[in-house]
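Shown next, in structure tokens, is the structure this report addresses.
The values are calculated or read from the model by the stated rules, or taken from the named source; none is laboratory data. Here the structure is a predicted model, which means the values were calculated and not measured. Counting neighbours? That spans all protein chains shown, and the Cβs are built from the backbone with ideal geometry, glycine included.
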Amino acid sequence: MDNTIILTVGGVVIGLVLGFIIAKMIEKGNASKLIKDAKRSASSILKEARTEGEAIKKDKILQAKEKFIELKAEHEKVILARDKKMAEAEKRTRDKESQVSSELAKNKKLNAQVETKISDYEHMHELLEKRQQELDKLHKSQVEQLEVISSLSAEDAKAQLIESLKGEAKNDAMAYIQSALEEAKLTAEQDAKKVIINTIQRIGTEEAVDNCVSVFNIESDDVKGRIIGREGRNIRALESATGVEIIVDDTPEAIILSCFDSVRREVARLSLHKLVTDGRIHPARIEEIVKKTQKQIDQEIIEVGKRTVIDLGIHNLNPELIKMVGRMKYRSSYGQNLLQHSREVAKLCGVMAAELGLNPKLAKRAGLLHDIGKVPDAETDMETPHAILGMQWAEKYGEKTEVCNAIGAHHDEIEMKSLLAPIVQVCDAISGARPGARRQVLDSYIQRLKDLEDIAFGFQGVKKAYAIQAGRELRVIVESEKVDDQKAAELSFNISQKIQTDMTYPGQVKITVIRETRAVNIAK
């Protein structure tokens, strides 16, 4: 194939050379000579081309042989590698086969052992069932013998056992509760007393008590006639404008103003003072002076509220709440001035919160506002408890949730949800229960003492009950035949729980159960 290519190339070259020569010879006129020379040249070129073609052919053949040898060597290497891998795979397969055969032999031995154990287990199970049947028969016969001996059925005996266990468990529980309470008192009561005593000692209190009457002093009794007016028209106009009963009697140089509303009494007192000072006392003038005085009192209420919140360091209080705080100055609760009580509770709350690591400013806020429900306006529903009403107002005017909950929960109308609530409740009780703070109505006081004694008489075994120390202690005398020492402790605990759930009272009530055994003989 290579020779053919070489000859073809040579023929083409010869043709081109001959053509060129002929053209030249024709141009020169020596065509024959040129043809001869061309033939000689062509033959020499052919020889040279054949020689070069042979040389090239030999080189290509050598290169092909070398390439073939290289490919053959690589192929042999690949075959050797494959053979090696196959040998290794066969070896691994033989190893696995030998391993599997050994494991199969082991499994056969294990299966034989398992079958032996299964048969042994079945045999033991049969023996156990037989023994269980024998035990059941023996138990049944023993139960029947016990029922015959004790004259009780198994169910009755079981019921009696359960009742006895219940009694023992109840006694153990009461003993545990009592010991837990005593242990808690040893630790918690001491710390609580320390906090409360420190708080009380750091707060100065007053013992002023508001009355339902005010005395208006005059220079002489001649002024009484001018105040009464012709046919009593001046005093009627004054009573109609202020809503206060004006008592003009034989008391020298004094007129008594009677009204449960302190604001109205103050308006009437100031109006009388202005009228007597001015000297012009007649119905038209009375109405004018009363209206001006009412505006003056309204402005004074706002000023009192502002001064109070500034003194206590309370900020950003709604103007309506400030007005309610000012109106507390003219309200009283059990004879105790409401504003003075609220200021006192606020200070106590702040100190106690600081002692317990809470926010004292928030505690002061809750303490000041806890009784704002006691100063309702004319449109307020009077049947709503003052704690709930105060909580609703606090929510309405944007107070925080902790403050609202403390206001609503300080008489347990709602559930306490923050630590501020018990602090406000405790400080309210401290302020209201301290000596000289309140003047309690005699009827409600006597009723509370009677309720304490009635609760004690509601328990079995109580012989006598006495409420002493202004209702702060209840002495209970029990019948020694019906109540033993353990039941006496249980009775004291149950009475205390009953009083906590059924009664509302300031401070705390101590329950003392007394049990005595008397042996009486007469010597003759």
Of all residues in region 223-259 being in contact (Cβ under 8 Å) with a residue 40 or more places away in the chain and among the small types (G, A, S), the one that is nearest to Y330 (Cα to Cα) = S258
task = Residues being part of a helix (DSSP H, G or I) and surrounded by fewer than 19 Cβ atoms within 10 Å (Cβ to Cβ): count how many of those fall in region 276-296.
result = 13
query = Only one residue in G335, G390 is in contact with a Lys or Arg (Cβ under 6 Å, 6 or more places away or on another chain), within 28 Å of R265 (Cβ to Cβ), modelled with pLDDT under 90 and in the same structural domain as A429 (by TED's automatic domain parsing). Which one?
reply = G335
query = For region 171-186, how many residues meet the condition of being out of contact with any helix residue (DSSP H, G or I) (no Cβ under 9 Å at 6 or more places or on another chain) and either at pLDDT 75 or above or not aromatic (F, W, Y) (or both)?
reply = 9
inquiry  = Looking at region 466-524 only, could you name the residues that are hydroxyl-bearing (S, T, Y) and out of contact with any strand residue (DSSP E or B) (no Cβ under 6 Å at 6 or more places or on another chain)?
reply    = S480, T501, T504, Y505, T517
ask   = Within region 395-414, is there a residue that is modelled with pLDDT under 85, farther than 22 Å from R331 by Cβ and not hydrophobic (A, V, I, L, M, F, W, C)?
value = yes
key: Hits in region 221-265 - residues which are charged (D, E, K, R), surrounded by 15 or more Cβ atoms within 10 Å (Cβ to Cβ) and touching a Pro at 6+ places or on another chain (Cβ under 9 Å)   = R236
query = Can you spot a residue in region 327-345 that is within 15 Å of I430 (Cα to Cα), buried (at least 21 other Cβ atoms within 10 Å of the Cβ) and β-branched (V, I, T)?
reply = yes
task = Tell me, yes or no, whether region 250-264 has at least one residue that is under 53 Å from the mean Cα position of the chain (by Cα), within 30 Å of K396 (Cα to Cα) and of a type in the set (V, I, T).
result = yes
task = Mind listing whichever residues of region 241-255 are under 14 Å from V223 (Cβ atoms) and outside any loop (DSSP other than H, G, I, E, B)?
result = I246, A254, I255
query = Considering region 450-491 alone, what residues qualify as being assigned to a helix (DSSP H, G or I) and without any contact (Cβ under 8 Å) to a residue 60 or more places away in the chain?
reply = K450, D451, L452, E453, D454, I455, A456, F457, D485, K487, A488, L491
inquiry  = Here is a list: A470, A437. Which entry is on the phi > 0 side of the Ramachandran plot, out of contact with any Gly (no Cβ under 8 Å at 6 or more places or on another chain), aliphatic (A, V, I, L, M) and modelled with pLDDT under 85?
reply    = A470
inquiry  = Take the residues in region 480-506 that are surrounded by 13 or more Cβ atoms within 10 Å (Cβ to Cβ) and among the acidic types (D, E); name whichever of them is modelled with the lowest pLDDT.
reply    = D484
message = For the condition within 30 Å of F493 (Cα to Cα), surrounded by 10 or more Cβ atoms within 10 Å (Cβ to Cβ) and either in contact with a strand residue (DSSP E or B) (Cβ under 7 Å, 6 or more places away or on another chain) or outside the structural domain of K487 (by TED's automatic domain parsing) (or both), what is the one hit in E115, E129, E168?
response = E168
task = Provide a single number: the residues in region 33-62 that are touching a residue at least 40 places away in the same chain (Cβ under 8 Å) and either of a type in the set (D, E, K, R) or not assigned by TED's automatic domain parsing to the domain that holds L18 (or both).
result = 4
ask   = Quick one: which of L110, L146, L138 is in a helix (DSSP H, G or I), more than 60 Å from the chain's Cα centre (by Cα) and either surrounded by 10 or more Cβ atoms within 10 Å (Cβ to Cβ) or modelled with pLDDT under 85 (or both)?
value = L110
query = Which condition does V476 not pass, out of (1) over 29 Å from A409 (Cβ atoms); (2) modelled with pLDDT of 90 or more; (3) under 37 Å from the mean Cα position of the chain (by Cα), if it passes all the others?
reply = (3)
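For every residue, the table says whether it meets (1) touching a residue at least 24 places away in the same chain (Cβ under 8 Å); (2) part of a helix (DSSP H, G or I); (3) closer than 23 Å to N316 by Cα; (4) more than 24 Å from the chain's Cα centre (by Cα).
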{"residue": "A353", "(1), (2), (3), (4)": "yes, yes, yes, no"}
{"residue": "A363", "(1), (2), (3), (4)": "yes, yes, yes, no"}
{"residue": "Q392", "(1), (2), (3), (4)": "no, yes, yes, no"}
{"residue": "E399", "(1), (2), (3), (4)": "yes, no, yes, no"}
{"residue": "C404", "(1), (2), (3), (4)": "no, yes, yes, no"}
{"residue": "I407", "(1), (2), (3), (4)": "yes, yes, yes, no"}
{"residue": "H411", "(1), (2), (3), (4)": "yes, no, no, no"}
{"residue": "P422", "(1), (2), (3), (4)": "no, yes, no, no"}
query = Quick check: is even one residue across region 372-383 modelled with pLDDT of 85 or more, surrounded by 22 or more Cβ atoms within 10 Å (Cβ to Cβ) and either in the same structural domain as L321 (by TED's automatic domain parsing) or of a type outside the set (V, I, T) (or both)?
reply = yes
